Amino acid sequence: MSSPSSSDKSVAIVGAGLAGLTLALALHQQNVPAVVYESRAAPLNIGGAVMLSPNALRILDDLGLYDLIKPKGYHFDLLEYRDLDGRLVDTYEFGGNAKYGYPGLRIYRHVLIDALVAALARAGVSVRYGRKFSHVVRDTPQGVAFAFVDGTTEETSLLVGADGIHSTVRGHLYPGLQTTFIGMAGITAAVPTAQLELPPGYHLPVTIMSREKGAFVIAPQEPDGSEVLIGKQMRVAAGTDGRPGWDRDFVNDKESAVAFLQGGNDAFPAFVKNAVSKIDARKVNKWPFFVVPRLERWTSETRKVIIVGDAAHAIPPSAGQGINQAFEDVYMLALLLGQRRGAVVDMPEALTFWQDYRQERVNRVVELNKLIDQRRMPADDVAVMGQGAETRHEEFDLDWLYRPDFKAEVEKWLSKR
């Protein structure tokens, strides 16, 4: 066990995913020592790409990562929504240099994780693999003792759970809390862009909408756009325990995912049929959508255990804001924790401000998700549309989402104290 004096002012982070690694880097920038603990034996190398919008890219830029990752992903500004005849129905901004300072960026998750791991190594921040968190042993105003599944323990002044939607750390704050399956899953695959045989001038990313069949999404990836993600959302009945109506064997059954992607596409344009004509089952994923019930607090009573990202507020991916909001969580948290080194602020007060500010933004993203889902799912899908609801296509105002100034918000809060 580490001694309390050696961990004074330190932060222990559980989870070496995007949120945990970014928090460690942001804390280093604020001269706050941190250690990351990860249950896996090596950095995450899971498949799939993430979409980063200007609010997250501005954070990565401030942390010195944007120029490193910029050439490694696909840049775009708009998501288009088209009907079955190819008519443009709607657009959704995901970035733009002129308006927001950054174009949207679609980049493989493992590429971003590798960049973060390398940056932490250069900074001398420790990431300790093969350390699976078990439980909090002691949580007092003086600090936290916590255990790993192998029986060893550590002490820290602050413990942060960045361990995802099924967070173990969250169990310390909310014993027995279960995530909620919302009855939808994303079924996706990666195929060569050339396979689509797109009509000349057709813009990607695009969502092709059918009132009867829902939507078919096509989003480029790789820096040159040579590969695309294709996907549809599937309605899935929940079991009696609220979990998805499938077992692990079904989740791992890639052939059934291929069959779903290839079925029910008669009404879609030829390039959609081309897209699903050849699918490598090894490049297929099934993503059941879960949400975390709105939590009253993201910290323990002592304010020494904190949860961030999906552990605190898992958001369905409709607006592409899940990881972007996690970046906002950890960056703003690091700015506030950086103030405590000189005992400038009362940290319980600062954490209350942090959660209130972040919760308001998460609430607005959830409402945005609802509007976007209304454009993707069939018109008769009451679970998404609501009884008697009509799809609305008014232009989104996204300035609030893409242009936050977290440093200014922290300074404004400090000036009012």
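Go from 0 up to the bin containing the longest alpha carbon distance in the chain, width 10 Å each, and give me the % of pairs per bin.
4, 21, 31, 26, 13, 4, 0
With a probe of 1.4 Å, find how much accessible area the chain has per residue, and write the answer as a whole number in Å².
With the other protein chains kept in place, the chain gives 43 Å² per residue.
If you place +1 on the Cβ of every Lys and Arg and -1 on the Cβ of every Asp and Glu, how big does the dipole about the Cα centre of region 254-364 come out, in debye to the nearest 20?
In total the dipole reaches around 360 debye.
Put +1 on the Cβ of every Lys and Arg and -1 on every Asp and Glu Cβ in region 1-128; which of LEU57, GLY86, ALA19 then has its Cα farthest towards the positive end of the dipole?
Value computed over the given set: ALA19.
Just to be sure I understand: if I project the alpha-carbon convex hull of region 129-177 onto a plane and average over all orientations, what area do I get in nm²?
3.7
Run down the lysines and flag those whose C-alpha is under 17 Å from the C-alpha of LYS273, throwing out any fewer than 8 positions away in its chain.
List returned: LYS213, LYS232.
Enter the per residue convex hull volume of region 67-190, computed from alpha-carbon coordinates, in Å³ rounded to the nearest integer.
Cα convex hull per residue, to the nearest whole number: 228 Å³.
What aspartates and glutamates sit close enough to LYS278 to cross-link, taking a C-alpha to C-alpha distance under 20 Å and skipping anything fewer than 8 places away on the same chain?
The reachable aspartates and glutamates, counting only those whose Cα sits under 20 Å from LYS278, are GLU197, GLU222, GLU227, ASP253, GLU255, ASP266.
Find the Rg to Rh ratio for region 116-269, where Rh is the Kirkwood radius over alpha-carbon pairs and Rg uses the same atoms.
1.10
Principal axis extents for region 81-153, Cα atoms only, whole Å, descending order, please.
Dimensions of region 81-153 along the principal axes of its Cα atoms: 61, 31, 27 Å.
Going by alpha carbons, how many degrees (0 to 90, nearest 10) lie between the helix axis of 109-123 and the longest principal axis of the chain?
The angle comes out near 20 degrees.
Give the Rg/Rh ratio for region 281-373, taking Rg as the radius of gyration of the Cα atoms and Rh as the Kirkwood radius, to two decimals.
Here Rg/Rh amounts to 1.06.
Say each of ALA267 and GLU349 gets a label point 7 Å from the Cα, pointing the same way as Cα to Cβ; how far apart are those two points in nm?
Taking the simple label geometry, ALA267 and GLU349 are separated by 5.9 nm.
Run the simple label-point estimate for LYS283 and HIS166 please: 7 Å along Cα→C-beta, distance reported in nm.
The modelled label-to-label distance comes out at 2.7 nm.
Kirkwood Rh, region 150-205, all Cα pairs: how many Å?
Answer for region 150-205: a Kirkwood hydrodynamic radius of 16.8 Å.
The values are calculated or read from the model by the stated rules, or taken from the named source; none is laboratory data. What you see is a predicted model; the values in this text were computed from it and never measured. Glycine gets a Cβ as well: all are built from the backbone with ideal geometry, and neighbour counts include every protein chain shown. Protein only, heavy atoms only, side chains kept; ligands, DNA and RNA dropped before computing areas. Shrake-Rupley method; radii C 1.70, N 1.55, O 1.52, S 1.80 Å.
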